Amino acid sequence: MLRHIAWFNEAPVAPRPEGGLTSDDVTVRRRCLAPAQAIEPLGVGCSVFGNLQDADPVHVSRHLQKLNADIVVIGDISDPSRLRLARAAKHLGCYVVADFSEDEEDEESLAQLMQVVDQVVTASAELAKAIEKKTGNVAIVIPDCEENSSGKNSPDAIAHMWLDCFKHIKLKPPAGANTNVPEKT
């Protein structure tokens, strides 16, 4: 069962006067804010962390523990911070999902991140192919949501895609978990 999902981003996130959160960054709104707001009524807690460039992983870990987070989605964050936060979340026992909305140029950093994550998500099929070519990891495609839409890319539809992704990774033990099953060599 999903308990709490934390979405990590580098862009500023701020409260809206009418409730909820907003960001000047359209990618943050479409890839995490709108889907997170659509997921919460379905019984899964969501928190969106912004301004995470150069964030202290210990401080962020304390927040994850308070939230009882079990999945962390890492969006657009600079390479060194992204890897430190992914490792901190993994250390807490969280599943880590890397969410890409654009191609990654630093292949060494990308390779290091792929060693930590449990799932890769991309905004398009073309980006999924590029990530797979660079890393060998197969990505799930979840497009950006259209914030004020009721169609196939509506916040509700995209929220269900995210939930399917999360439920899929919850069926397998996190990387590094002791399953008492010997590795096949």
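The values are calculated or read from the model by the stated rules, or taken from the named source; none is laboratory data. From a predicted model like this one, the values you see are computed outputs, not experimental measurements. Backbone-built Cβ (ideal geometry, glycine too); neighbour counts: all protein chains shown. With ligands, DNA and RNA removed, areas are computed over all heavy atoms of the protein, side chains included. Shrake-Rupley method; radii C 1.70, N 1.55, O 1.52, S 1.80 Å.
In the stretch 32-55, which residues are open to solvent by less than 60 Å² (accessible area, probe 1.4 Å), part of a helix (DSSP H, G or I) and touching a strand residue (DSSP E or B) at 6+ places or on another chain (Cβ under 6 Å)?
If the condition is that a residue be open to solvent by less than 60 Å² (accessible area, probe 1.4 Å), part of a helix (DSSP H, G or I) and touching a strand residue (DSSP E or B) at 6+ places or on another chain (Cβ under 6 Å), then Cys32, Leu33, Ala36, Ile39 are the ones that fit.
In the list Val58, Val73, which residue meets the criterion of being among the hydrophobic types (A, V, I, L, M, F, W, C) and either assigned to a loop (DSSP other than H, G, I, E, B) or surrounded by 17 or more Cβ atoms within 10 Å (Cβ to Cβ) (or both)?
Val73
Under the condition of being small (Gly, Ala, Ser) and open to solvent by 20 Å² or more (accessible area, probe 1.4 Å), which residue from the stretch 89-118 is farthest from Trp162 (Cα to Cα)?
Step one: of the stretch 89-118, the residues small (Gly, Ala, Ser) are 89, 93, 98, 101, 109, 111.
From what's left, open to solvent by 20 Å² or more (accessible area, probe 1.4 Å): 93, 101, 111.
Details: Gly93: 20, Ser101: 14, Ala111: 23 Å.
By that ranking, first place goes to Ala111.
Exactly one of (1) surrounded by 14 or more Cβ atoms within 10 Å (Cβ to Cβ); (2) more than 13 Å from the chain's Cα centre (by Cα) is unmet by Pro12. Its number?
Condition (1) is where Pro12 drops out.
Conditions: (1) touching a Gly at 6+ places or on another chain (Cβ under 9 Å); (2) not in a helix (DSSP H, G or I). Glu105 meets all but one. Number of the miss?
Looking at each condition in turn, Glu105 falls short on (1).
Hey, does the stretch 84-100 have a residue that's of a type in the set (Asp, Glu) and either touching a Cys at 6+ places or on another chain (Cβ under 7 Å) or free of Cβ contacts under 8 Å to residues at least 40 places away in the same chain (or both)?
no
Just wondering, is there one or more residues in the stretch 30-45 that are at pLDDT below 95 and over 20 Å from Lys167 (Cα atoms)?
Among the residues of the stretch 30-45, at least one is at pLDDT below 95 and over 20 Å from Lys167 (Cα atoms), which makes the answer yes.
Which one is nearest to Arg29 (Cα to Cα) among residues in the stretch 61-70 that are without any contact (Cβ under 8 Å) to a residue 60 or more places away in the chain and surrounded by fewer than 19 Cβ atoms within 10 Å (Cβ to Cβ)?
Taking the stretch 61-70 first, the residues without any contact (Cβ under 8 Å) to a residue 60 or more places away in the chain are 61-66.
After this cut, where a residue has to be surrounded by fewer than 19 Cβ atoms within 10 Å (Cβ to Cβ) as well, the list is 61-63, 65-66.
Details: Ser61: 24, Arg62: 25, His63: 22, Gln65: 25, Lys66: 24 Å.
Looking at the filtered set, the residue picked out is His63.
With open to solvent by 30 Å² or more (accessible area, probe 1.4 Å), under 17 Å from Asp70 (Cα atoms) and of a type outside the set (A, V, I, L, M) as the only criterion, which of Lys167, Lys129, Lys134, Lys152 stands out?
Lys167
Count, please, the residues in the stretch 124-174 that happen to be in a loop (DSSP other than H, G, I, E, B), farther than 23 Å from Asp25 by Cα and among the aliphatic types (A, V, I, L, M).
2
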